Amino acid sequence: WMLDESDEERGHGKEILEFAMKNHYPVQLEALALPRSEWQAPDEVWETILSLEQQNTKNLLAIAHAADKCGQYGVKAFLDQFHVEQIEAEDKVGGILAKVRGASINLLWELDYMLGKEAE
């Protein structure tokens with residue numbers, strides 16, 4: 001499931017980049033910080049994922065705000081699909097985090113299985 005989500009996020013980034021380039025908007029790519037790769041507990045993993053989703057939402061809103069200030073309403077319309085997906089993603093990850101907090105190992109295995117099936 002996480003690999004599928006990662007692929008989806010990269011796809012979104014590519015779509016946004018292609019949109020910007022097609023419309024001749026200036027693009028400046030910057031290096032990304034290395035992602036965290038070690039956690040002490042499962043809920044820390046999901047807290048990290050939720051914070052990343054929240055940061056994605058903030059970034060999209062900042063782009064939409066800048067587009068609004070510049071009268072670029074086509075950009076805002078393009079971003080709408082991503083806003084809807086971010087609302088859904090934050091809700092889903094928040095729900096998973098609520099289940100994981102204080103969960104037994106059996107529930108974690110069940111959650112892992114369900115997310116794996118979802119990704120198939």
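The values are calculated or read from the model by the stated rules, or taken from the named source; none is laboratory data. On a predicted model such as this, the values are computed, not experimentally measured, just so you know. Using ideal geometry, Cβ is built from the backbone for each residue, glycine included, and neighbour counts are taken over all protein chains shown. Heavy atoms of the whole protein, side chains included, go into the accessibility calculation; ligands, DNA and RNA do not. Shrake-Rupley method; radii C 1.70, N 1.55, O 1.52, S 1.80 Å.
Asp80 - would you say it is acidic (Asp, Glu), assigned to a helix (DSSP H, G or I), over 16 Å from the mean Cα position of the chain (by Cα) and modelled with pLDDT of 90 or more?
Taking the combined requirement at face value, the residue does not satisfy it.
Hey, any hits in segment 45-66 for a residue that's surrounded by 12 or more Cβ atoms within 10 Å (Cβ to Cβ) and in a loop (DSSP other than H, G, I, E, B)?
No, every residue in segment 45-66 fails to be surrounded by 12 or more Cβ atoms within 10 Å (Cβ to Cβ) and in a loop (DSSP other than H, G, I, E, B).
State all residues of segment 16-44 that are under 17 Å from the mean Cα position of the chain (by Cα), free of Cβ contacts under 8 Å to residues at least 60 places away in the same chain and part of a helix (DSSP H, G or I); if no residue qualifies, say none.
Once the filter is applied, which keeps residues that are under 17 Å from the mean Cα position of the chain (by Cα), free of Cβ contacts under 8 Å to residues at least 60 places away in the same chain and part of a helix (DSSP H, G or I), segment 16-44 yields Leu17, Glu44.
Yes or no: segment 93-114 includes at least one residue that is of a type outside the set (S, T, N, Q), open to solvent by 50 Å² or more (accessible area, probe 1.4 Å) and closer than 23 Å to His12 by Cα.
no
If you take the residues in segment 78-92 that are among the aliphatic types (A, V, I, L, M) and surrounded by 11 or more Cβ atoms within 10 Å (Cβ to Cβ), which one is nearest to Glu8 (Cα to Cα)?
Only one residue fits best here, namely Ala89.
If we scan segment 8-25, do we find a residue that is among the hydroxyl-bearing types (Ser, Thr, Tyr), out of contact with any Ser or Thr (no Cβ under 9 Å at 6 or more places or on another chain) and over 30 Å from Leu111 (Cβ atoms)?
There is at least one residue in segment 8-25 that is among the hydroxyl-bearing types (Ser, Thr, Tyr), out of contact with any Ser or Thr (no Cβ under 9 Å at 6 or more places or on another chain) and over 30 Å from Leu111 (Cβ atoms).
Output yes when any residue across segment 2-14 is surrounded by 10 or more Cβ atoms within 10 Å (Cβ to Cβ), aliphatic (A, V, I, L, M) and within 21 Å of Ala119 (Cβ to Cβ), and no when none is.
Within segment 2-14, one or more residues are surrounded by 10 or more Cβ atoms within 10 Å (Cβ to Cβ), aliphatic (A, V, I, L, M) and within 21 Å of Ala119 (Cβ to Cβ).
Quickly run through segment 28-41 and pick out the residues that are at pLDDT 90 or above and surrounded by 10 or more Cβ atoms within 10 Å (Cβ to Cβ).
Result: Trp39, single match.
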